[in-house]
Amino acid sequence: MMHVSSVNPILENSVTAYLTKNMNEFEHYNDFEDSRYYLQGSDNYFCLGFNTHGEEDVMKNGGKEMLETAYKDYYGPSIPSVDRAKVTLGVDRSQLPAKTHIPKTASPEEKASLKAKNKEIEAKRKEIAGKIAREFAAIKTRFIGAPIERALRQLKDKGKVESSAECQIRYRPDESYWVVPNITSVTIVFGMNFKDTVDQSLARILLLEFHEAKKHLKGMKNPPETRYYTNTIPNELKNYTVDLKSFSNGFVTFTIFKGNLERDGLESILEFVTNFRQYCQYHIHATKAYLHTRMRNKVAGFLKLIQEAKREKSDTTKKYKEFIGGTTLNLPEEDVTKKEIIKMKGAK
């Protein structure tokens, strides 16, 4: 299965263009999880506005701490806010390396020297802009996964997770995930809901594979525990009011221990768990596209066979049936015409 990156490539390219070309325009993009990006350039500042479903839940459960830590140079009251955005990140473009103006009165040697320096400055600015753009393009994953990151960091640093880390995040209009701390581990529960019946069937197959995968991981010691619940609600949600009928494909739980974080790294686990819902959606659509391609290829193959097919000429005799009287005339094809058959019928 394909890895789904936490970095939005379209957003990354757009932010790079805003920082390198000093663009003063307003653009907006949509993303999974009902997320929206607003890009705005004005004067020396470039700002990225961000909205997603459940901002209030996230901000109360580690979202604000994540922004103040991971985006401390780009987030705060000094950053101009963007209309319609709940979260705003900003960059002062005047602080980025800028080219030196080449005067017309400069000598050829001076012009050549300034051009060489400007190329170095341009390359350095692109490098800085690329790093900033990559950080900005990962804002959705970092923000939505902030409650999970807070719990995993506590588990890695302290060996246990505080009870205050437990929370429910309504990150989609009809779906939620829960962070449930245990004594020596943390469990993340995803409620899965698909509206399309085909998506529901494909999602069930995909999620069952996650549940069965542990049997095939004989070489890995103590992998994260994964469970799939279709007809029951996980015990981890006993303190919440959850309607089983609201989730077409039940629940998936990931239980992560400190040893998993030490072996696989916090960032890789955090990226996968946070992008799990998007990961499922991507592979469901990829499966449907693959099945449609196979069906189109099959149909094209059958049409080609029909076009290339030829009738066998084993019997050159045509059979003409007389509907009145019930008699049948079997005559060679070259000797029989419609007029002759009419005459023969009239003679009788």
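The values are calculated or read from the model by the stated rules, or taken from the named source; none is laboratory data. What you see is a predicted model; the values in this text were computed from it and never measured. For accessibility, only protein heavy atoms count, side chains too; no ligands or nucleic acids. Shrake-Rupley method; radii C 1.70, N 1.55, O 1.52, S 1.80 Å.
Which angle from 0 to 90°, rounded to the nearest 10, does the C-alpha axis of helix 338-347 make with the longest principal axis of the chain? On a 0 to 90 degree scale, this one is about 40.
Heavy-atom accessible surface of the chain, averaged per residue, reaches 62 Å², computed with a 1.4 Å probe. Amide H neighbours of HIS53 under 5 Å, at least 5 residues apart or on other chains, H built in the peptide plane: list them. Here nothing satisfies the definition.
Sequentially through the range 295-309, phi angles give Karplus couplings (6.51, -1.76, 1.60; θ = phi - 60°) of 5, 5, 5, 5, 4, 4, x, 5, 4, 5, 5, 5, 5, 8, 6 Hz, Gly and Pro residues having no value and appearing as x.
Rounded to the nearest 10 degrees, the inclination of helix 9-21 to the longest alpha-carbon principal axis of the chain is 50 degrees.
Recomputing volume of the Cα convex hull per residue in Å³ from the coordinates shown identifies the correct label among [x] 122; [y] 359; [z] 254 as [y].
Considering only protein heavy atoms and a 1.4 Å probe, what is the carbon-and-sulfur percentage of the accessible area of the range 80-170? It would help to have the intermediate numbers written out before the result.
Working: 2600 of 5200 Å².
Within the range 80-170, the accessible surface is 50 percent carbon and sulfur.
Against the main long axis of the alpha-carbon atoms of the chain, helix 146-158 sits at an angle near 60°. Give LYS21/LYS86; LYS99/LYS140; LYS104/LYS124 a once-over and call out the pairs whose C-alpha atoms are over 29 Å from each other. The pairs that break the limit, which is 29 Å between Cα atoms, are LYS99/LYS140.
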